[in-house]
1. Does Arg64 count as within 17 Å of Arg86 (Cα to Cα), in contact with a Lys or Arg (Cβ under 8 Å, 6 or more places away or on another chain) and open to solvent by 90 Å² or more (accessible area, probe 1.4 Å)?
2. Please enumerate the residues belonging to the stretch 16-31 that are modelled with pLDDT of 95 or more and under 22 Å from Tyr78 (Cβ atoms).
3. Counting only residues that are in a strand (DSSP E or B) and either more than 16 Å from Phe34 (Cα to Cα) or open to solvent by 70 Å² or more (accessible area, probe 1.4 Å) (or both), how many does the stretch 67-86 have?
4. For residues that are more than 21 Å from Val4 (Cα to Cα) and among the hydroxyl-bearing types (Ser, Thr, Tyr), tally how many sit in the stretch 15-64.
5. Would you point out which residue out of Leu57, Leu46, Leu81, Leu6 is at pLDDT below 95 and within 15 Å of the chain's Cα centre (by Cα)?
6. Keeping to the stretch 1-44, report how many residues are within 25 Å of Gly55 (Cβ to Cβ), open to solvent by less than 100 Å² (accessible area, probe 1.4 Å) and among the polar types (S, T, N, Q).
7. Take the stretch 1-32 and flag every residue that is among the aromatic types (Phe, Trp, Tyr) and within 14 Å of Val59 (Cα to Cα).
8. Where the second residue is open to solvent by 70 Å² or more (accessible area, probe 1.4 Å) and assigned to a loop (DSSP other than H, G, I, E, B) and the first is among the hydrophobic types (A, V, I, L, M, F, W, C) and lies in the stretch 8-30, which pairs have Cβ atoms under 6 Å and are six or more apart or on separate chains?
Amino acid sequence: MEWVELSGRGRLESWTLNRHQWFPGYRPPYVIAFVNPIEDTGARLLTNLVNTDPGELVVGMALRVVFERLIDGHDEVYVPLFEPAR
């Protein structure tokens, strides 16, 4: 195994629109999706889609990574999310 730098681009494999409040900070509705990195279409990332209209999603749609900064006390984490490539 080795570390490989990815471009941050991917394709939408599948998704669901969640309408239930499961976690604090994630207000419904929100899109949960499988994204395939363009460097390896056999790999998939389970993530959320942001900055999109769920009615406009299509299989194979081009996406790009964005990062959400979360702070909990003194801990800082960057969560990878995806949005439509523009």
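The values are calculated or read from the model by the stated rules, or taken from the named source; none is laboratory data. Just so you know, these numbers come straight off a predicted model, no measurement behind them. Because the Cβ atoms are built from the backbone with ideal geometry, glycine has one as well, and the counts that use them run over all protein chains shown. Only protein heavy atoms, including side chains, enter the accessible area calculation; ligands, DNA and RNA are left aside. Shrake-Rupley method; radii C 1.70, N 1.55, O 1.52, S 1.80 Å.
1. Working: within 17 Å of Arg86 (Cα to Cα): yes; in contact with a Lys or Arg (Cβ under 8 Å, 6 or more places away or on another chain): yes; open to solvent by 90 Å² or more (accessible area, probe 1.4 Å): yes.
For Arg64, the condition - within 17 Å of Arg86 (Cα to Cα), in contact with a Lys or Arg (Cβ under 8 Å, 6 or more places away or on another chain) and open to solvent by 90 Å² or more (accessible area, probe 1.4 Å) - is met.
2. Val31
3. To start, the set of residues in the stretch 67-86 that are in a strand (DSSP E or B) comprises 67-72, 75-84.
With the extra rule that they be either more than 16 Å from Phe34 (Cα to Cα) or open to solvent by 70 Å² or more (accessible area, probe 1.4 Å) (or both), the set shrinks to 67-72, 75-78.
Residues that pass the stated criteria total 10.
4. We begin by selecting, within the stretch 15-64, every residue more than 21 Å from Val4 (Cα to Cα); these are 15-33, 48-61.
Subsequent filtering for residues that are among the hydroxyl-bearing types (Ser, Thr, Tyr) retains 16, 26, 30, 52.
Residues meeting the conditions: 4.
5. Numbers: Leu57 fails: at pLDDT below 95; Leu46 fails: at pLDDT below 95; Leu81 fails: at pLDDT below 95.
None of the other options fit; the residue is Leu6.
6. Qualifying residue count, the stretch 1-44: 4.
7. So the first thing to find is which residues in the stretch 1-32 are among the aromatic types (Phe, Trp, Tyr), and the list is 3, 15, 22-23, 26, 30.
Answer for the stretch 1-32, where residues must be among the aromatic types (Phe, Trp, Tyr) and within 14 Å of Val59 (Cα to Cα): just Trp15.
8. Listed pairs, sorted by first residue: Leu17/Pro29.
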